[in-house]
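The values are calculated or read from the model by the stated rules, or taken from the named source; none is laboratory data. These numbers were taken from a predicted model, which means no experiment stands behind them. Cβ placement follows ideal geometry from the backbone for every residue including glycine, while neighbour counts extend to all protein chains displayed.
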Amino acid sequence: MAEPMVEVFIFETRQFLEQLEQIALGSEEQGGFSEEDVNEIFRAMHTIKGSAAMMMFDQVSTLAHSVEDIFFYIRELKPAKVDATAITDIVLNAVDFMRIEMDKLDAGGTPDMSSEELRNYTKDFLRNMKLDNGHDPDIDLRKAKNAKKAGEAGGDAAAPAPEPEKKQYYIGAAKPATPAPAATGATSGGQHIFEATVFFQQGCEMEEVRAFGVVNSLKEKVKELHYLPEKILEDESATDTIRNMGFRLFFTTEMNFDEAKAELDQTIFLDRLEIKEVASVAELEYWPSQETIAITALENSEPIKPAMPPVQRDLTPAARKPAPAKGGDGAQMITVRVDKLDKLMDLVGEMVIAEAMVTQNPDLKGMELDNFAKAARQLHKINGELQDSVMALRMVPLEGTFKKMNRIVRDMTKKLGKKARLVLVGESTEVDKNINEHISDPLMHIVRNSVDHGIEMPEVRVEAGKEETGTVILSAENAGGEVVIKIKDDGGGLNKEKILDRARKNGILTKPESELTDREIYSFIFAPGFSTKEAVTEFSGRGVGMDVVVSNIKSLGGKVIVDSEPGLGSTTTIKIPLTLAIIEGMSVSVGGSRFTIPINYISRSFRPDEGAIFRDPDGSEMIMVQGTCCPVIRLYDMYDIPDAIHEPTEGILLLLEAGDARFGVLADELLGVQEIVVKPVPKYISRMMKTTGISGCTLLGDGSISLIIDPQQVHNIIFD
């Protein structure tokens, strides 16, 4: 039971941390915390506090409590002086601490950092904020509120009533009724008995764990507590009972109705709450036993109505089925483990291969099989729809990754003394989850580079006639089978002469400077060890970072382009495929070998005319295509393949585009386009032949292996 609980805790805590970070950054930008933001942050910290306490992670729980106190103070007393920037710093520091602890826990470790320093700073800050606003710095608002309400109920706040002896009760054996305390005792405080039913959101899963969290959060704030089902974690049917009938609670507390409701309203994944006051202990002649309270509450309460219309249900786990979605009620959401999606994607890939092996089986050649062909077309249609559905499951919006860049811009502007804002466009654009995970680091480096190198200091911008605050625009859009991400700033632009000078010193010029285009010069910033900064700072000067961008993007099958205008800013464009799992490829034969080239790299294919291929002064083969001179690569030469066609006019030339480069690849024959599932190259193939420029392999319909060519890698190896 422990492992699923930890997974749920990590998942939900990380969601809250993302939410906290974005709310804090947005509030700081607006110059203050709105009532809604205060409530959201308070609720998130309150939930993290309770969940961490339940999991016995005290350092996280106590830190969340100290931050929660700040927003409790703001919410209750609405102070006139609130330093939004300083409070944002506190929230972000707490978020960073908790995020590190969650990463440790996720990796199988134990959260072991001390939050004492952060807690002390937070408490001192809250104390000073109370002083600045003319409030008692040592006042405990929660105790003050409870004392005030107790005084109002008893009629004398100055003379608090003595607390009755605390008792521990358990549901089960009947207990005899005990005499009521004296009139000056607990009854003067107004003890109330409530019945509540908590309904969790459909599809949230782990209802028994969430119910345990409700009990854990509530038990310290009530005198007596009962709940049904009684054995939440031990009883296997508890989950089904809670899911279908709700989680029933009966408790005695000094809280009034509104306070009790507000406390339960903070329950995570709460769909509906039903609560009513059954009785007041002050109205009773004696203190009832635990069992009496529970029985009385059950007798006086109305039957609980389930969220869905009553139907005959088999509540065994095997027979449990999701309820159908109601029209107009919104989408039904469930959380699925990532490894299950990966497994499903692998199975779909295997099905694509199996379909090709059946429909393209060599044994079927020359046979007239009308019924088989009809069934094969139907199979292909269903496979295509299944593939699209699985792809859609894996597609996630870039919003989360984009919003993380707000923190980067905020931290850098504070430390560099600059002013800049980040504008997000098209953050709802969806990409495959693997691409979304790998795009985060490249984006971080480019955004940092835009703020550090691009955006000028405020006084410099004013002198240049610009706004004091610079702008970095991060945008995304779908273009065919690719997603195009642009990072544009309105800074000073790239210094072409400075880049060229550094390129000369680093010895990375590949051709005469006069032949270099502006885009080729700007691309030098992605070279390993390249930096135009003379001094090493926290953010730049080491020559690392931008080369990571290119290597990561290329590993995703994408490309990076940089454009710049002096004084107006620069734009970095990233183009990557929407998915890497199953792609379309053109199969070609070279001698007795098969190769596959991703279709999105192929510009055109044709049979060269006699004499169309010639040699340049360096001896390299070239061909003129639409007025452009393009290099030519012979695959049989590159991979030492015998029995291949050597005469270009008898083969086929495929014109490929990899980034800004265009080159031709000579093969024997086109075998056709098919969907390919990328798999790693087997070790025995690597031992038998050179696999330079090969990104993987796939299985063809006849069961043979086809090596997948990476055009970008081939170009870099041959021409760099």
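What are the residue pairs meeting all of these: first residue in the range 447-470, first residue assigned by TED's automatic domain parsing to the domain that holds Val560, second residue assigned to a helix (DSSP H, G or I) and among the charged types (D, E, K, R), Cβ atoms under 7 Å, and 6 or more apart or on different chains?
Listed by first residue and then by second, the contacts come to Glu467/Arg461; Glu468/Arg461; Gly470/Arg461.
So how many residues does the range 359-390 have that are over 20 Å from Asp702 (Cα atoms) and in contact with a helix residue (DSSP H, G or I) (Cβ under 8 Å, 6 or more places away or on another chain)?
Count: 3.
Would you point out the residue of the range 396-417, among those that are in contact with a Ser or Thr (Cβ under 8 Å, 6 or more places away or on another chain) and outside any helix (DSSP H, G or I), that is nearest to Glu29 (Cα to Cα)?
Top of the filtered list is Leu398.
For the range 34-59, which residues satisfy the criterion of being outside any helix (DSSP H, G or I) and either closer than 15 Å to Ser217 by Cβ or not polar (S, T, N, Q) (or both)? Write out each step before concluding.
Pass one, the range 34-59, residues outside any helix (DSSP H, G or I): 34, 55-57.
Hits for the range 34-59 are Met55, Met56, Phe57.
Confirm whether Val536 is modelled with pLDDT under 85 and part of a loop (DSSP other than H, G, I, E, B).
Considered against the rule, which asks whether it is modelled with pLDDT under 85 and part of a loop (DSSP other than H, G, I, E, B), Val536 comes out as yes.
Of all residues in the range 590-601, which are farther than 25 Å from Met688 by Cα and surrounded by fewer than 19 Cβ atoms within 10 Å (Cβ to Cβ)?
If the condition is that a residue be farther than 25 Å from Met688 by Cα and surrounded by fewer than 19 Cβ atoms within 10 Å (Cβ to Cβ), then Ile599, Asn600 are the ones that fit.
Name the pairs whose Cβ atoms lie under 6 Å apart, with the first residue in the range 537-563 and assigned by TED's automatic domain parsing to the domain that holds Phe526 and at positive phi, the second assigned to a helix (DSSP H, G or I) and modelled with pLDDT of 80 or more, and 6 or more positions between them or separate chains?
Partner pairs satisfying both residue conditions: Gly545/His445.
Looking at (1) in a helix (DSSP H, G or I); (2) under 15 Å from Val472 (Cα atoms), which one does Ala356 not meet, given that it meets all the others?
(2)
Quick test for you: out of His438, His445, pick the one residue that is of a type outside the set (Asp, Glu), surrounded by 16 or more Cβ atoms within 10 Å (Cβ to Cβ), out of contact with any strand residue (DSSP E or B) (no Cβ under 7 Å at 6 or more places or on another chain) and under 15 Å from Thr573 (Cα atoms).
After ruling out the rest, the residue left standing is His445.
Quick check on the range 474-493. Is at least one of its residues on the phi < 0 side of the Ramachandran plot, in contact with a His (Cβ under 8 Å, 6 or more places away or on another chain) and in contact (Cβ under 8 Å) with a residue 40 or more places away in the chain?
Restricting attention to the range 474-493, the residues satisfying the condition of being on the phi < 0 side of the Ramachandran plot are 474-479, 481-492.
Checking which are in contact with a His (Cβ under 8 Å, 6 or more places away or on another chain) leaves us with 491.
Subsequent filtering for residues that are in contact (Cβ under 8 Å) with a residue 40 or more places away in the chain retains 491.
Yes - at least one qualifying residue is present in the range 474-493.
Any chance the range 20-32 includes a residue that's under 24 Å from Leu270 (Cβ atoms), assigned to a helix (DSSP H, G or I), modelled with pLDDT of 90 or more and among the β-branched types (Val, Ile, Thr)?
Within the range 20-32, one or more residues are under 24 Å from Leu270 (Cβ atoms), assigned to a helix (DSSP H, G or I), modelled with pLDDT of 90 or more and among the β-branched types (Val, Ile, Thr).
Which is in contact (Cβ under 8 Å) with a residue 60 or more places away in the chain and under 21 Å from Glu610 (Cβ atoms), of Leu666, Leu670?
Values: Leu666 fails: in contact (Cβ under 8 Å) with a residue 60 or more places away in the chain.
Selected residue: Leu670, the only one of Leu666, Leu670 that is in contact (Cβ under 8 Å) with a residue 60 or more places away in the chain and under 21 Å from Glu610 (Cβ atoms).
Condition (residue is closer than 25 Å to Leu556 by Cβ, at pLDDT below 85 and not assigned by TED's automatic domain parsing to the domain that holds Thr573) applied to the range 638-646: is it met by at least one residue?
No, the conditions are met nowhere in the range 638-646.
Out of Arg687, Arg634, report the one residue that is surrounded by fewer than 17 Cβ atoms within 10 Å (Cβ to Cβ) and among the charged types (D, E, K, R). Full working, then the answer.
On the way: Arg634 fails: surrounded by fewer than 17 Cβ atoms within 10 Å (Cβ to Cβ).
Result of the check over Arg687, Arg634: Arg687.
Hey, does the range 652-660 have a residue that's under 21 Å from Val352 (Cβ atoms) and not in a strand (DSSP E or B)? Steps first, please.
Let us first name the residues in the range 652-660 that are under 21 Å from Val352 (Cβ atoms), namely none.
Looking through the range 652-660, none of the residues is under 21 Å from Val352 (Cβ atoms) and not in a strand (DSSP E or B).
Which pairs have Cβ atoms under 6 Å, sit 6 or more apart or on different chains, and link a residue in the range 423-441 that is under 15 Å from Asn406 (Cα atoms) to one that is in a helix (DSSP H, G or I) and among the β-branched types (Val, Ile, Thr)?
Between residues of the range 423-441 that are under 15 Å from Asn406 (Cα atoms) and residues that are in a helix (DSSP H, G or I) and among the β-branched types (Val, Ile, Thr), the close pairs are Ser440/Thr401.
Determine, yes or no, whether Ala147 is touching a helix residue (DSSP H, G or I) at 6+ places or on another chain (Cβ under 6 Å) and modelled with pLDDT under 60.
Values: touching a helix residue (DSSP H, G or I) at 6+ places or on another chain (Cβ under 6 Å): no; modelled with pLDDT under 60: yes.
Taking the combined requirement at face value, the residue does not satisfy it.
Checking Arg504 against (1) farther than 18 Å from Asp563 by Cα; (2) touching a Ser or Thr at 6+ places or on another chain (Cβ under 6 Å); (3) not hydrophobic (A, V, I, L, M, F, W, C), only one condition comes out false. Which one?
Unmet for Arg504, out of (1) farther than 18 Å from Asp563 by Cα; (2) touching a Ser or Thr at 6+ places or on another chain (Cβ under 6 Å); (3) not hydrophobic (A, V, I, L, M, F, W, C): (2).
Given the residues Thr85, Thr47, which is the only one that is in contact (Cβ under 8 Å) with a residue 24 or more places away in the chain and exposed (fewer than 15 other Cβ atoms within 10 Å of the Cβ)? Can you show your working first?
Values: Thr47 fails: exposed (fewer than 15 other Cβ atoms within 10 Å of the Cβ).
The match here is Thr85.
Assess whether Ile694 counts as being buried (at least 17 other Cβ atoms within 10 Å of the Cβ), touching a Leu at 6+ places or on another chain (Cβ under 6 Å) and among the β-branched types (Val, Ile, Thr). Walk me through it before giving the result.
Details: buried (at least 17 other Cβ atoms within 10 Å of the Cβ): yes; touching a Leu at 6+ places or on another chain (Cβ under 6 Å): yes; among the β-branched types (Val, Ile, Thr): yes.
When the stated conditions are applied, Ile694 passes them.
Would you confirm whether any residue within the range 456-463 is surrounded by 15 or more Cβ atoms within 10 Å (Cβ to Cβ), assigned to a loop (DSSP other than H, G, I, E, B) and touching a Gly at 6+ places or on another chain (Cβ under 7 Å)?
yes
Just give me the residues in the range 65-86 being out of contact with any Gly (no Cβ under 8 Å at 6 or more places or on another chain), of a type outside the set (Ser, Thr, Tyr) and assigned to a helix (DSSP H, G or I), in sequence order. Outline the logic, then answer.
First, the residues of the range 65-86 that are out of contact with any Gly (no Cβ under 8 Å at 6 or more places or on another chain): 65-81, 83, 85-86.
Then keep just the ones that are of a type outside the set (Ser, Thr, Tyr); that gives 65, 67-72, 74-81, 83, 86.
Across the range 65-86, the qualifying residues are His65, Val67, Glu68, Asp69, Ile70, Phe71, Phe72, Ile74, Arg75, Glu76, Leu77, Ala86.
Scanning for something modelled with pLDDT of 85 or more, within 21 Å of Gly672 (Cβ to Cβ), small (Gly, Ala, Ser) and not assigned by TED's automatic domain parsing to the domain that holds Leu671, does the range 341-358 turn up at least one residue?
Within the range 341-358 (the criterion being modelled with pLDDT of 85 or more, within 21 Å of Gly672 (Cβ to Cβ), small (Gly, Ala, Ser) and not assigned by TED's automatic domain parsing to the domain that holds Leu671), the answer is yes, since at least one residue qualifies.
Does Thr62 fit the bill of being of a type outside the set (A, V, I, L, M), part of a helix (DSSP H, G or I) and farther than 26 Å from Asp138 by Cβ? First the steps, then the outcome.
Values: of a type outside the set (A, V, I, L, M): yes; part of a helix (DSSP H, G or I): yes; farther than 26 Å from Asp138 by Cβ: no.
No; evaluated as a whole, the condition is false for this residue.
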